[in-house]
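Shown next, in structure tokens, is the structure this report addresses.
The values are calculated or read from the model by the stated rules, or taken from the named source; none is laboratory data. Bear in mind that the values here come from a model prediction, so they are computed numbers and not experimental data. Neighbour counts run over all protein chains shown; Cβ positions are idealised from the backbone, glycine included.
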Amino acid sequence: MTELKTETITVNMGPQHPSTHGVFRLILTLDGETVVDVEPVVGYLHRNHEKIGEYNNWIQNTPFTDRLDYISPMSNEFAYVLAVEKLSEIEPPERAEYIRIIMVELNRIVNHMIVVGFLLNELGCFFTPMMYCVRWRELVMDLYEMAAGSRMMPNYFWIGGVAADLPAAFLPQCKELVAALPGFIDELERLLTDSEIVQMRCKDVGVLPPDVAVAYGCTGPLLRASGVPYDIRRAEPYSIYDRFDFDVVVGTVGDVYDRYLVRIGEMRQSVRILEQALKDLPEGETATPKKKKFMPPEGDVYHRIEAPKGELGFYLVSDGSDHPYRYKIRAPSFVNLQSLPYLCRGHKIADVVVNIGSIDITMGEVDR
Amino acid sequence: MEFVQRIQQFVDQIFVNLSFWASSQLANFLPEGAVTFLMMFATILVLIFFGLASIIWINIFERKIIGRFQDRYGPNRFGPWGLLQCVADMIKLLTKEDITPTKADRLIYNLAAVVPIIPTFLILAVLPFGRGMVAADLNIGFLYIVAVGSLGTIGIFMASWASNNKYAAISGLRTVAQMISYEIPMVLSVVGVLLLVGSLSMVSIVDAQGQWRLPFIVLQPLAFVLYFTSAVAEVNRSPFDLPEGESEIVAGYHIEYSGIKFAMFLLAEYINAFSVCAIATTLFLGGWRGPVLPSWAWFFLKTYSLYLVLIWLRATLPRLRVDQLMNFAWKTLVPLALANLMVTALVAKLVPQHSLVGAGALLLTNVVIVIGIAVVKYPRWKREKREVVLVPRSASSQAGGS
């Protein structure tokens with residue numbers, strides 16, 4: 001008896017697809033329901049970010065970074081501002097440092113909420129977990145609006161400080177939010193972590209061994225879920241992260257479920273950092289005195305931070321003029337995305353979107 | 001007291017009396033054969049009209065409830081409390097461009113939009129909506145439902161194949177596999193009920209629940225759960241909505257359809273969901289039986305309560321993967337349904353019919369099966385709980401060597 005002849009089919013998933021987090025195309029080679037190969041195609045959202053950045057002056061680039069990973073604008077600004085400060089050796093005032101930490105950690109919580117919400121969406125949960133998470137994002141956005149005047153594109157960080165001091169109503173509202181957050185994270189865990197279907201769908205799907213993760217250059221929760229305790233806040237403390245007491249959350253298996261658990265754990269750690277920062281927040285100035293024209297000295301600098309999605313680095317070259325000579329971004333989404341074919345091979349179609357969701361990409365950052 | 005009872009009876013029998021009155025009026029000037037024919041025709045029209053009209057409130061009910069589940073209001077713009085949203089949607093769908101892809105199989109593509117809706121209306125014919133309110137009391141009622149219900153699969157497969165789209169093709173294969181797999185536990189779980197009744201007629205099933213003075217959900221709780229689970233899969237509702245799988249294969253079999261053809265699929269889906277709830281009501285919840293309220297009110301109350309469970313599932317549960325779906329059907333539902341059938345056959349022979357003792361024995365055996373399966377197959381306490389490792393500052397500074 002001869003074997004049945006089978007053929008693989010090629011499916012273009014995207015650029016218009018509900019679960020590819022933007023305009024992102026995957027060329028799937030399928031054997032029935034099983035994925036044989038995946039080829040990600042990026043570039044649909046390319047908008048010359050880095051080249052435009054060379055023509056903006058140094059200060060104009062701060063709001064421009066908001067457009068990279070629009071889920072976590074504060075982190076992008078933080079990385080850029082820290083790089084410029086490192087280049088021109090500016091020390092921001094103490095209070096500004098604390099405010100920055102508060103903003104960035106709030107941002108981390110928002111980002112992880114969105115990831116968990118979208119991951120469940122991709123598991124087929126019809127928006128309910130996402131609506132629950134987005135509700136908390138809105139509360140954080142309210143805080144951003146109060147401090148910076150804008151919700152998604154805050155432009156709050158300045159070179160040498162922050163744009164304005166916190167308004168009087170900010171701290172009580174922020175403390176209330178931080179006090180309420182652990183309760184919501186518990187609720188989220190109660191609803192999702194033990195769910196039979198979530199466990200069935202997530203466990204042993206898209207396993208990324210630590211050596212492969214390192215070889216692909218993965219960072220952030222994706223790498224930590226594989227069992228590598230690498231967090232730049234700990235490995236190379238920047239700003240004032242060495243003052244805070246927090247744990248690095250590490251997974252054991254490296255599958256989608258671990259990535260989910262790591263993000264939940266990181267939200268808890270962020271709450272811890274926030275509590276400490278809110279307690280220690282000193283009084284004083286929030287920015288160094290302004291200069292008429294900001295021109296850093298000649299030279300180049302690379303600075304990286306632990307953004308919610310992974311290592312976000314800015315490589316800046318200055319020729320002493322008022323705009324950067326080179327403005328290069330090491331975007332965590334872009335690097336982490338390279339592991340997608342490895343994660344998807346041999347799994348089912350449904351697992352592809354789950355893997356994308358668990359990697360956590362924002363196309364604004366991937367394509368730049 | 002007697003007056004109240006008469007009012008109750010009047011309200012209870014209002015639709016039946018209406019049809020008697022209409023046929024007697026027609027008999028004045030028409031031969032008997034024509035009256036029968038006209039009355040049958042009118043009944044069919046009423047059922048179809050009911051089916052179509054019920055979409056309006058089922059749709060708004062579902063969207064409002066899901067909205068509440070998700071911490072939002074649901075549609076609230078058009079009409080009082082947004083109740084006319086469905087009308088607006090229908091107008092939108094009717095006025096949309098009707099697209100047929102150039103490479104589609106034109107005839108089958110267009111035909112497929114109509115096919116799935118026919119069996120859904122056919123099922124309504126044998127459902128007893130109230131005391132004496134059944135269009136056709138077939139003595140093979142349940143068999144008819146199973147036979148007709150499985151026709152919908154053909155329509156879906158036609159749609160997916162004729163669309164000439166890869167997502168649709170994947171969805172079509174998923175649909176066929178899923179529907180065939182879940183038909184088996186669905187029928188097997190009901191056989192237990194049929195054993196107790198001794199008839200396939202839907203009317204006698206309701207009558208039998210009157211003789212037992214208990215709805216069959218008490219006698220056959222396991223069968224009810226099995227039936228309802230497979231019925232959810234049968235009508236492609238979450239968590240078994242793989243054929244649609246919006247986050248993976250976008251919309252599945254109706255990806256290429258637009259406008260009114262797309263609406264036809266939606267229509268079929270909603271009526272299907274309604275009819276599986278109605279069948280579950282008839283088989284397990286005592287059909288139209290209930291105190292005080294008129295019989296048809298009880299029927300709809302029970303049916304829509306079950307529909308609420310469907311909505312609840314849709315709003316809360318993630319979707320299964322295709323291999324897990326098959327495993328669930330063949331490794332869990334089918335063995336359980338077989339076990340239930342065997343035990344029911346044995347116990348129903350041993351215990352007295354229509355007695356509380358018999359009902360208690362049946363309930364007890366069901367509970368024993370469930371607990372047995374829970375202990376042997378799914379020991380919850382044995383399942384490992386995965387935790388993340390927390391690396392505090394001191395540990396990582398040693399590892400980093402600084």
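Among residues belonging to segment B:291-310 that are in a loop (DSSP other than H, G, I, E, B) and touching a residue at least 12 places away in the same chain (Cβ under 8 Å), point out the one that is surrounded by the fewest Cβ atoms within 10 Å (Cβ to Cβ).
B:Val292
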Point to revise | Matching residues, segment A:243-265, being among the hydrophobic types (A, V, I, L, M, F, W, C), within 20 Å of A:Val214 (Cβ to Cβ) and touching a residue at least 60 places away in the same chain (Cβ under 8 Å) | key: A:Val256
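Conditions (1) surrounded by fewer than 21 Cβ atoms within 10 Å (Cβ to Cβ); (2) assigned to a helix (DSSP H, G or I); (3) within 14 Å of chain A (Cβ to nearest Cβ); (4) without any contact (Cβ under 8 Å) to a residue 40 or more places away in the chain, marked per residue:
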position: B:Val187; (1), (2), (3), (4): yes, yes, no, no
position: B:Leu196; (1), (2), (3), (4): no, yes, no, no
position: B:Val206; (1), (2), (3), (4): no, yes, no, no
position: B:Gln211; (1), (2), (3), (4): yes, yes, no, no
position: B:Val225; (1), (2), (3), (4): yes, yes, no, yes
position: B:Val232; (1), (2), (3), (4): no, yes, yes, no
position: B:Phe240; (1), (2), (3), (4): no, no, yes, no
position: B:Val250; (1), (2), (3), (4): yes, no, yes, no
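Results for (1) of a type in the set (Ser, Thr, Tyr); (2) assigned to a helix (DSSP H, G or I), shown as yes or no for each residue.
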{"site": "B:Tyr257", "(1), (2)": "yes, no"}
{"site": "B:Lys261", "(1), (2)": "no, yes"}
{"site": "B:Ala273", "(1), (2)": "no, yes"}
{"site": "B:Arg289", "(1), (2)": "no, no"}
Study note, to complete from the structure: Checking A:Val248, A:Val262, A:Val253, A:Val205 in turn, the sole residue that is closer than 29 Å to B:Pro239 by Cα, at pLDDT below 90 and in contact with a Lys or Arg (Cβ under 8 Å, 6 or more places away or on another chain) turns out to be A:Val253
Practice item. Return a yes/no flag: does segment A:77-87 have any residue that is at pLDDT below 90, buried (at least 23 other Cβ atoms within 10 Å of the Cβ) and over 23 Å from the mean Cα position of the chain (by Cα). Key: yes
Review point. How many residues are touching a residue at least 60 places away in the same chain (Cβ under 8 Å) and assigned to a helix (DSSP H, G or I) if we restrict to segment B:320-342?
Key: 12
Check your understanding: Quick one: B:Phe274 ticks every box in (1) modelled with pLDDT of 85 or more; (2) among the aromatic types (Phe, Trp, Tyr); (3) in contact with a Ser or Thr (Cβ under 7 Å, 6 or more places away or on another chain); (4) more than 23 Å from B:Asp137 (Cα to Cα) bar one, so which box is it?
Key -> (4)
Check your understanding: In segment A:114-133, which residue that is part of a helix (DSSP H, G or I) and within 9 Å of another protein chain (Cβ to nearest Cβ) is farthest from A:Ile349 (Cα to Cα)?
Key -> A:Tyr132
Study note, to complete from the structure: Expected output for segment A:215-242 (first residue free of Cβ contacts under 8 Å to residues at least 60 places away in the same chain, partner among the charged types (D, E, K, R) and assigned to a loop (DSSP other than H, G, I, E, B), Cβ below 8 Å, 6+ apart or cross-chain) is A:Arg224/A:Asp231; A:Ala225/A:Asp255
Exercise for review: Return a yes/no flag: does segment A:281-302 have any residue that is on the phi > 0 side of the Ramachandran plot, part of a loop (DSSP other than H, G, I, E, B) and surrounded by fewer than 16 Cβ atoms within 10 Å (Cβ to Cβ).
Suggested key: yes
**Study point:** Single match in B:Leu107, B:Leu111, B:Leu94, B:Leu45 (criterion: of a type in the set (A, V, I, L, M), exposed (fewer than 14 other Cβ atoms within 10 Å of the Cβ), under 29 Å from B:Tyr167 (Cα atoms) and under 29 Å from the mean Cα position of the chain (by Cα))
**Key:** B:Leu94
Check your understanding: Are there any helices (runs of 4 or more DSSP H) wholly within segment B:1-96 with 2 or more residues that are out of contact with any strand residue (DSSP E or B) (no Cβ under 7 Å at 6 or more places or on another chain) and within 14 Å of chain A (Cβ to nearest Cβ), and if so which?
Key -> B:32-69
Revision key, fill the gap. Selection from segment A:164-206 of residues surrounded by fewer than 18 Cβ atoms within 10 Å (Cβ to Cβ), of a type in the set (A, V, I, L, M, F, W, C) and not in a helix (DSSP H, G or I) yields A:Ala164, A:Ala168, A:Ala169
Review point. Out of all the residues in segment A:223-244, which are in contact with a Leu (Cβ under 7 Å, 6 or more places away or on another chain), crowded, with 19+ Cβ neighbours inside 10 Å and of a type outside the set (Gly, Ala, Ser)?
Key: A:Tyr230
